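Notes for the one structure printed next.
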Amino acid sequence: MQLYALLAIIVKDYVYTWYAKITPDHVFVDEVIQIVAHCTRALEQRLRNVDLEGLLLDEIPSLLDAHLTGEKQALALSLLLSCLCSRLLFLCTANRDI
């Protein structure tokens, strides 16, 4: 019920203000609230079954490590390509002067 109340407040303050200018029919917005509430409840139920200890101690650190490693590799490749492009541009312009 708290979730539904929170969604209703958000929709009233941020959606109805402009949606009411388009149409007086609020059935669509009410159905969107129901769908969002349903999906959020389903997500909450799934989160209750998650192994938080394993997620925090095993999966997140390995994902973070893989991300940082990939970022370092991408930066190194970017610098290498930049240097190669600069060298190629230098060689092309040097050949024009000959």
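Read-outs throughout are calculated quantities, based only on the coordinates presented, and are distinct from any laboratory measurement. These numbers were taken from a predicted model, which means no experiment stands behind them. Ideal geometry is used to build each Cβ from the backbone, glycine not excepted, and the neighbour counts take in all protein chains shown.
Results, tabulated for the structure shown:
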| read-out | value |
| --- | --- |
| Residue satisfying condition, being hydrophobic (A, V, I, L, M, F, W, C), closer than 30 Å to I10 by Cβ and out of contact with any helix residue (DSSP H, G or I) (no Cβ under 6 Å at 6 or more places or on another chain), within set I60, I33 | I60 |
| From A37, A42, residue being among the small types (G, A, S) and more than 14 Å from L6 (Cα to Cα) | A42 |
| Pairs, first among the aromatic types (F, W, Y) in region 22-46, second part of a helix (DSSP H, G or I), C-beta under 9 Å, six or more apart | F28/Y19 |
